[in-house]
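Read through the structure below, which is laid out as structure tokens, and then see the notes.
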Amino acid sequence: MIKVIVVGNGMVGYKFCEKFIAKSGQEEYQITVFGEEPRRAYDRVHLSEYFAGKSADDLSLSTSNWYEENNITLNTSELITDINREQKTIHTHLEKTHTYDYLVLATGSSAFVPPIEGVDKEGVFVYRTIEDLDAIMAYAKKIKQNGATEAAVLGGGLLGLEAAKAVYDLGLNPHVVEFAPRLMPRQLDKGASDMLQSKIEELNISIHLNKSTQYIAGEDAITGMMFEENELLKVDMLVISAGIKPRDELGRVSGLEVGVRGGIVVNNKMQSSDPYIYAIGEVALYNHMIYGLVAPGYEMADVAAEQILQRDKTMRETIDMSTQLKLIGVEVASFGDPFIENEDVTAIVYENKLSGIYKRINVTKDSKTLLGGILVGDSSDYNALFQIYSNAMPLPKNPEDLILGSRGGGSSTMGSAMDLPDSAVICSCENVTKGAICCSIIDETSSNLSDVVKLTKATTGCGGCKPMVADLVKETQKSLGKEVKDVVCEHFAYSRQELYDIVKINKFTNHNEVLGTVGKGDGCEICKPVLSSIFSSIYNDTANKHIPEQDSNDRFLANIQRNGTYSVVPRVTGGEISADKLIILGEVAKKYNLYTKITGGQRIDLFGAELNDLPAIWKILIDNGFESGHAYGKSLRTVKSCVGNTWCRYGMDDSTTFAIELENRYKGLRSPHKIKGGVSGCIRECAEARGKDFGIIAVDGGWNLYICGNGGVNPKHAVLFAEQVDKETCFKYLDRFLMYYIRTAGPLVRTSTWLEKLEGGLDYLKQVVIEDRLGIAGALDKEMQGLVDTYACEWTQVIENPELQKRFTHFTNSEERDDTIEFVPIRDQKMPRPW
Amino acid sequence: MEDILNQYKTVNLNEVKVWFKAGKTSDFPSDGGGCIKYKNKQIAIIKFDRRNEWYACQNLCPHKMEMVLSRGMIGSAGDIPKIACPLHKNTFSLIDGSNLNGENPKIAIYPVKIVDDEVFVGFLE
């Protein structure tokens with residue numbers, strides 16, 4: 001066996017192993033890995049998520065038995081102290097000696113700590129390893145108890161801003177201190193930095209630019225940072241994240257060539273000055289540069305692996321430093337040469353302070369070539385721009401269309417991903433080309449997106465290329481004449497819309513009928529709720545029918561929570577509730593010891609109810625005039641409202657009454673996803689109606705109707721659908737819009753995504769709803785009216801029918817309760833024992 | 001937590017020492033599940049009418065250690081009958097207990113027999 005020793009178990013060291021064992025001929029090699037940290041390699045790029053609740057295990061790149069399964073020996077907590085190059089041995093701090101045939105140094109880097117007086121004081125940290133993070137967390141907790149609120153981060157670059165997010169998540173007020181006159185000086189110009197700064201400052205993160213720190217103030221522990229001109233910033237903690245320093249100690253002690261400012265010098269085979277010793281990642285000095293990004297590190301790992309296997313792959317001459325990421329919730333990207341300025345180049349800049357977007361592209365004067373650019377606030381065009389840049393593709397006639405979108409006419413300016421050359425790198429983290437993705441479909445080694453991901457590892461790094469990879473797979477399948485359909489799941493070769501029509505036309509009334517006639521297998525957790533929802537939309541079946549086929553929450557008409565208990569949310573239409581009803585809610589909560597919280601939809605959520613107690617709780621609620629709030633269903637949730645002109649001195653109209661009328665009309669309406677509404681009494685918009693699936697705002701002369709907004713993962717403002725219309729018209733348009741959505745949307749697709757995918761977009765929807773272009777308006781009206789007329793409260797049904805109550809017991813063979821449920825106290829209430 | 005998980009071990013039909021009467025067939029919903037208590041164990045019983053089969057497995061989802069599996073939806077993946085946890089939709093084979101859409105540990109599976117409309121589950125003790 002040929003022995004390969006890898007020193008360093010970070011992201012690049014791990015990637016080397018992963019790449020190596022996937023290559024042919026590797027069977028004759030034995031890999032041994034040494035890591036000085038106590039744990040397996042983890043994802044340092046997403047380190048700040050550790051503060052947001054991810055565990056060390058969540059961040060781990062491999063499963064616990066991965067190394068063993070792949071016949072790799074992993075030694076953690078063991079530091080290599082020396083290399084004997086003549087005898088080809090290494091020496092560890094445990095006084096052990098190992099021989100190698102090839103040595104791979106992937107020791108990475110440590111945090112660069114600037115020589116500032118007082119950096120050794122208590123409360124000064126670096127931001128690099130999980131151990132650093134643990135220390136930061138412990139210290140933050142301690143000083144918070146003593147009333148401290150302010151913490152500084154030294155460094156306004158990429159890593160510094162990541163650290164600022166971490167400090168922010170710890171509940172301290174971060175101050176970012178940067179020596180340069182702008183944030184992310186390597187990636188952003190002044191305009192982009194200003195935009196990023198204003199977005200970050202909205203979160204109460206302070207930015208201090210142009211600051212040179214003279215010394216760290218404080219006796220034993222830090223109390224502040226003294227800048228030039230005797231300006232003191234009072235802070236109780238400092239996290240240094242101002243750059244990296246290659247861990248090249250081994251290179252130095254063993255006499256390998258190292259750079260003046262550190263780093264082990266390598267050639268394009270990733271060989272150091274000793275041909276049997278390779279260096280990769282942040283310790284390697286290639287072309288006089290240290291590359292602190294993951295993508296070049298991964299490519300170096302691949303080159304070293306190929307070289308050790310006696311093949312001839314080499315590192316590219318120029319390394320692309322393009323990057324796309326989300327910093328403190330703000331999308332930031334830069335590619336190519338973001339700053340280039342000379343007489344042959346024109347920079348085109350778009351800046352919108354209102355929406356916080358800055359875009360810059362650098363194109364040649366002849367408008368033919370894209371040289372680089374910067375995106376802040378919206379980086380959705382990054383993939384397309386990067387491909388145009390890196391493949392030197394032709395630009396549209398007006399290059400500004402690239403960042404402004406083509407105005408007038410609906411077609412995209414980016415063209416299709418299929419126009420890219422096969423050599424175009426789609427996933428730069430894993431270096432996967434368009435050719436590799438499409439070929440695997442064409443030669444049938446992959447049949448769908450998840451196969452492609454498994455085979456090529458595309459999208460498994462930062463994930464930014466996901467939409468493009470999905471497009472390529474779909475387009476390639478289409479080009480092969482394979483029909484690409486959004487089928488519901490393996491049991492039905494139909495989309496949700498098709499199933500809706502099939503059920504309606506054939507008058508199917510239960511799952512087995514549909515499955516037996518047009519499906520196969522026994523159904524699953526995906527198609528069963530879809531069909532249940534369709535039965536509700538067509539026949540107004542409540543969730544008391546098809547009970548085992550209802551989704552988790554619908555099955556028990558309540559929201560399942562962490563420990564298997566449920567939460568109870570009665571309807572509070574428009575958020576209006578009397579004192580008597582509030583008292584009832586309080587009494588129920590007290591009687592059943594429930595945790596209570598006001599929801600975002602202006603109602604009250606009662607948590608921690610055991611399954612067995614749900615009918616008794618609802619009996620009290622219903623006896624006192626409450627009804628189900630359908631908080632558990634993919635259905636209308638709430639119509640939020642402001643108080644309107646009955647009380648508010650600015651109100652233009654009675655928004656609360658309108659909200660109550662809307663909620664009463666659409667309550668219980670089952671739909672592809674949840675639906676929320678809002679009504680505001682004036683343009684101050686206190687009801688946040690434009691963040692809802694439908695929003696109505698009182699204006700002079702009537703109501704403005706907005707549709708297809710939502711909060712959630714991708715917040716979208718609702719778009720204006722009709723202006724200055726009366727209530728009756730609002731109802732008419734909403735009836736048709738909602739019914740059309742229910743008929744045609746895919747499962748779990750919200751109105752905003754549905755509208756995005758709807759061919760013809762908003763204009764088309766207006767034609768269908770307002771002008772009745774399809775001639776179905778009458779049918780939509782009738783269907784909605786039918787659903788409204790047959791509404792029934794499903795909890796009332798349960799309370800009135802002992803047969804329906806049977807399912808609310810934890811055990812079928814015992815009256816006992818589930819004794820594994822545990823609660824712990826939180827403030828004056830309780831919560832489930834944490835996972 | 002490990003202790004709770006460790007009390008559930010798959011029982012093969014030929015190893016059964018005790019057949020516990022878990023209830024009547026009508027106690028369980030068609031194509032759905034219910035939970036029974038046996039000593040200190042919680043067992044999910046699945047009445048899979050579409051396949052004309054009965055299955056039993058631990059009620060504990062090994063992902064977050066909550067007693068909820070019996071409240072999940074059943075279905076099939078290819079030919080394998082499965083159950084989906086209601087908390088995060090992890091699915092488990094009702095034949096060998098393996099996690100079909102992730103890397104969670106296997107769940108324990110127990111033999112079921114029906115005698116005159118009564119449901120029996122097999123245990124080692």
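The values are calculated or read from the model by the stated rules, or taken from the named source; none is laboratory data. Source: prediction; values computed, not measured. Here the Cβ positions follow ideal geometry from the backbone for every residue, glycine too, while neighbour counts run over all protein chains shown.
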Original post:
Mind checking whether some residue in region B:7-19 is in contact (Cβ under 8 Å) with a residue 12 or more places away in the chain, surrounded by fewer than 20 Cβ atoms within 10 Å (Cβ to Cβ), at the interface with chain A (Cβ under 9 Å from one of its Cβ atoms) and out of contact with any helix residue (DSSP H, G or I) (no Cβ under 8 Å at 6 or more places or on another chain)?
Top reply: no
**OP:** List the number of the failed condition for residue A:152; all other conditions in (1) surrounded by fewer than 24 Cβ atoms within 10 Å (Cβ to Cβ); (2) farther than 22 Å from residue A:322 by Cβ hold.
**Re:** (1)
Subject >> Selected residue [farther than 15 Å from residue A:639 by Cβ, among the acidic types (Asp, Glu) and either surrounded by 14 or more Cβ atoms within 10 Å (Cβ to Cβ) or not assigned by TED's automatic domain parsing to the domain that holds residue A:657 (or both)] from A:781, A:763, A:693, A:726 >> reply: A:781
Subject >> Residue count for region B:72-90, restricted to those that are surrounded by 24 or more Cβ atoms within 10 Å (Cβ to Cβ) and among the β-branched types (Val, Ile, Thr) >> reply: 2
**OP:** Kindly indicate the residue of region A:514-533 that is among the charged types (D, E, K, R) and closer than 15 Å to residue B:51 by Cα and also nearest to the other protein chains (Cβ to nearest Cβ) among those meeting that condition.
**Re:** A:522
Subject >> Subset of region A:85-105 (residues that are at negative phi and touching a residue at least 24 places away in the same chain (Cβ under 8 Å)) >> reply: A:85, A:90, A:92, A:98, A:99, A:100, A:101, A:102, A:103, A:104, A:105
**OP:** Output the number of the condition that residue A:679 fails; it satisfies all remaining conditions of (1) aliphatic (A, V, I, L, M); (2) part of a loop (DSSP other than H, G, I, E, B); (3) crowded, with 19+ Cβ neighbours inside 10 Å.
**Re:** (2)
Original post:
Name the residues in region B:26-52 that are more than 19 Å from residue A:612 (Cα to Cα), acidic (Asp, Glu) and out of contact with any Pro (no Cβ under 7 Å at 6 or more places or on another chain), would you?
Top reply: B:49
**OP:** Find the residue count for region B:30-71, including only residues that are surrounded by 18 or more Cβ atoms within 10 Å (Cβ to Cβ) and at the interface with chain A (Cβ under 7 Å from one of its Cβ atoms).
**Re:** 11
Original post:
Would region A:472-480 turn up any residue that is touching a residue at least 60 places away in the same chain (Cβ under 8 Å) and not in a helix (DSSP H, G or I)?
Top reply: no
Subject >> region A:750-772, residues that are closer than 15 Å to residue A:739 by Cβ and not hydrophobic (A, V, I, L, M, F, W, C) >> reply: A:751, A:772
Original post:
Among all residue pairs at least 6 apart or on different chains, which show Cβ distances below 8 Å where the first residue, located in region A:25-45, is within 11 Å of residue A:8 (Cα to Cα) and the second is in a loop (DSSP other than H, G, I, E, B) and aliphatic (A, V, I, L, M)?
Top reply: A:32/A:72; A:33/A:72; A:34/A:79; A:35/A:41; A:36/A:79; A:40/A:61; A:41/A:61
Original post:
What do you reckon, is residue A:569 in contact with a helix residue (DSSP H, G or I) (Cβ under 6 Å, 6 or more places away or on another chain) and either away from every other protein chain (no Cβ under 14 Å) or farther than 18 Å from residue B:86 by Cα (or both)?
Top reply: no
**OP:** Scan region A:524-581 for residues that are in a strand (DSSP E or B), touching an Asp or Glu at 6+ places or on another chain (Cβ under 8 Å) and among the hydrophobic types (A, V, I, L, M, F, W, C) and jot them down.
**Re:** A:568
**OP:** Please specify each residue of region A:481-513 satisfying the condition of being within 13 Å of another protein chain (Cβ to nearest Cβ) and β-branched (Val, Ile, Thr).
**Re:** A:488
Original post:
Can you name the residue in region A:117-132 that is closer than 15 Å to residue A:160 by Cβ and of a type outside the set (Ser, Thr, Tyr) and is also nearest to the chain's Cα centre (by Cα) among such residues?
Top reply: A:128
Subject >> Matching helices (runs of 4 or more DSSP H) fully within region A:718-816 where at least 2 residues are in contact with a Leu (Cβ under 8 Å, 6 or more places away or on another chain) and free of Cβ contacts under 8 Å to residues at least 60 places away in the same chain >> reply: A:727-744, A:761-769
Subject >> Any hit, region A:744-754, residues being buried (at least 19 other Cβ atoms within 10 Å of the Cβ) and among the aromatic types (Phe, Trp, Tyr) >> reply: yes
**OP:** Enumerate the pairs (first residue in region B:98-118 and under 19 Å from residue B:14 (Cα atoms) and within 14 Å of chain A (Cβ to nearest Cβ); second residue anywhere and acidic (Asp, Glu) and in a strand (DSSP E or B)) with beta-carbon separation below 6 Å, excluding pairs fewer than 6 apart on the same chain, so at least 6 apart or on different chains.
**Re:** none
Subject >> Residue match in region A:609-625 (condition: at positive phi and touching a helix residue (DSSP H, G or I) at 6+ places or on another chain (Cβ under 6 Å)) >> reply: no
Subject >> Single residue of region A:548-560 satisfying the filter (at the interface with chain B (Cβ under 9 Å from one of its Cβ atoms) and either within 27 Å of the chain's Cα centre (by Cα) or not aromatic (Phe, Trp, Tyr) (or both)) that is farthest from residue A:531 (Cα to Cα) >> reply: A:560
Original post:
For residue A:157, are the conditions met, namely being assigned by TED's automatic domain parsing to the domain that holds residue A:228, within 24 Å of the chain's Cα centre (by Cα) and not charged (D, E, K, R)?
Top reply: yes
**OP:** Kindly indicate which of B:22, B:44, B:56 is farther than 16 Å from residue A:809 by Cα, in contact with a strand residue (DSSP E or B) (Cβ under 6 Å, 6 or more places away or on another chain) and of a type in the set (Gly, Ala, Ser).
**Re:** B:56
Subject >> Selection count where residues are out of contact with any strand residue (DSSP E or B) (no Cβ under 6 Å at 6 or more places or on another chain) and either in the same structural domain as residue A:281 (by TED's automatic domain parsing) or under 15 Å from residue A:392 (Cβ atoms) (or both), scope region A:313-334 >> reply: 2
Original post:
Among the residues of region A:260-290, how many are among the hydroxyl-bearing types (Ser, Thr, Tyr) and buried (at least 20 other Cβ atoms within 10 Å of the Cβ)?
Top reply: 3
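Quick grid of which residues meet (1) more than 11 Å from chain B (Cβ to nearest Cβ); (2) surrounded by 12 or more Cβ atoms within 10 Å (Cβ to Cβ); (3) out of contact with any Gly (no Cβ under 9 Å at 6 or more places or on another chain):
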position: A:786; (1), (2), (3): yes, yes, yes
position: A:789; (1), (2), (3): yes, no, yes
position: A:794; (1), (2), (3): yes, yes, no
position: A:797; (1), (2), (3): yes, yes, yes
position: A:804; (1), (2), (3): yes, yes, yes
position: A:809; (1), (2), (3): no, yes, no
position: A:812; (1), (2), (3): no, yes, no
position: A:821; (1), (2), (3): no, yes, no
position: A:824; (1), (2), (3): yes, no, yes
Original post:
Any idea how many residues of region A:632-664 are part of a helix (DSSP H, G or I) and buried (at least 20 other Cβ atoms within 10 Å of the Cβ)?
Top reply: 7
